[in-house]
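Notes follow the structure.
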Amino acid sequence: MKEASFYSCVEEFLKSDALGCFRTGKRVGTSFVGIADVVGVRDVGGDVRGDIEVIAVEVKMTPSNFGKILGQALGYSLFAHKCYLAVPFSDDEAFSIEQKELATRLGVGLLEIRKSYDIWRC
């Protein structure tokens with residue numbers, strides 16, 4: 001499988017009640033900062049304000065070279081308010097405690113993509 005095969009399930013997660021994005025797109029960014037795999041926009045202004053928040057997600061097939069891929073996701077903070085790194089895992093795999101601590105320190109969210117009923121979900 002390729003990274004792009006997981007973009008749709010990441011988009012579904014961004015649109016879900018968990019994050020509530022009203023608009024998503026694939027392969028969005030700039031040539032100066034980089035192209036995020038999936039980007040979502042959500043309303044954070046409430047009833048009387050029009051504030052938005054941009055969320056960028058980098059999808060990788062494996063968490064190897066974690067520092068490098070975490071840095072890539074963090075780089076999107078130049079144009080996004082929140083950044084995530086998404087990786088597909090089998091049932092017995094997950095991000096390690098060290099990886100979670102590094103991501104927390106840098107302010108990058110981690111998404112574990114799981115397969116259930118032959119559908120990949122974040």
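Only one residue in 104, 62 is open to solvent by 60 Å² or more (accessible area, probe 1.4 Å), in contact (Cβ under 8 Å) with a residue 24 or more places away in the chain and among the hydroxyl-bearing types (Ser, Thr, Tyr). Which one?
On the way: 104 fails: in contact (Cβ under 8 Å) with a residue 24 or more places away in the chain.
Going through 104, 62 in turn, just one is open to solvent by 60 Å² or more (accessible area, probe 1.4 Å), in contact (Cβ under 8 Å) with a residue 24 or more places away in the chain and among the hydroxyl-bearing types (Ser, Thr, Tyr): 62.
If you take the residues in region 70-79 that are open to solvent by less than 10 Å² (accessible area, probe 1.4 Å) and of a type outside the set (Phe, Trp, Tyr), which one is nearest to residue 29 (Cα to Cα)?
Looking only at region 70-79, we keep the residues that are open to solvent by less than 10 Å² (accessible area, probe 1.4 Å), and these are 70, 73, 76.
Now drop any that are not of a type outside the set (Phe, Trp, Tyr), which leaves 70, 73.
Numbers: 70: 17, 73: 12 Å.
That would be 73.
Only one of these is of a type in the set (S, T, N, Q) and in contact with a Leu (Cβ under 6 Å, 6 or more places away or on another chain): 24, 104, 30, 62. Name it. Walk me through it before giving the result.
Values: 104 fails: in contact with a Leu (Cβ under 6 Å, 6 or more places away or on another chain); 30 fails: in contact with a Leu (Cβ under 6 Å, 6 or more places away or on another chain); 62 fails: in contact with a Leu (Cβ under 6 Å, 6 or more places away or on another chain).
Of 24, 104, 30, 62, the one residue that is of a type in the set (S, T, N, Q) and in contact with a Leu (Cβ under 6 Å, 6 or more places away or on another chain) is 24.
Of the residues that make up region 84-97, is at least one open to solvent by less than 60 Å² (accessible area, probe 1.4 Å) and β-branched (Val, Ile, Thr)?
The first filter runs over region 84-97 and keeps only residues open to solvent by less than 60 Å² (accessible area, probe 1.4 Å), leaving 84-90, 94-96.
Now narrow it down to the ones that are β-branched (Val, Ile, Thr): 87.
Within region 84-97, one or more residues are open to solvent by less than 60 Å² (accessible area, probe 1.4 Å) and β-branched (Val, Ile, Thr).
Filter region 5-47 down to the residues that are out of contact with any strand residue (DSSP E or B) (no Cβ under 9 Å at 6 or more places or on another chain) and of a type outside the set (D, E, K, R), then identify the one that is surrounded by the most Cβ atoms within 10 Å (Cβ to Cβ). Walk me through how you get there before you give the answer.
Taking region 5-47 first, the residues out of contact with any strand residue (DSSP E or B) (no Cβ under 9 Å at 6 or more places or on another chain) are 16-18, 30-33, 46-47.
From what is left, the residues that are of a type outside the set (D, E, K, R) are 16, 18, 30-33, 46.
Working: 16: 12, 18: 9, 30: 11, 31: 6, 32: 7, 33: 14, 46: 8.
Only one residue fits best here, namely 33.
The values are calculated or read from the model by the stated rules, or taken from the named source; none is laboratory data. Not measured: the values here are computed from a predicted model. FYI the Cβ positions are ideal-geometry reconstructions off the backbone, even for glycines, and counts take in every protein chain you see. SASA here: full protein model, heavy atoms, side chains in, ligands and nucleic acids out. Shrake-Rupley method; radii C 1.70, N 1.55, O 1.52, S 1.80 Å.
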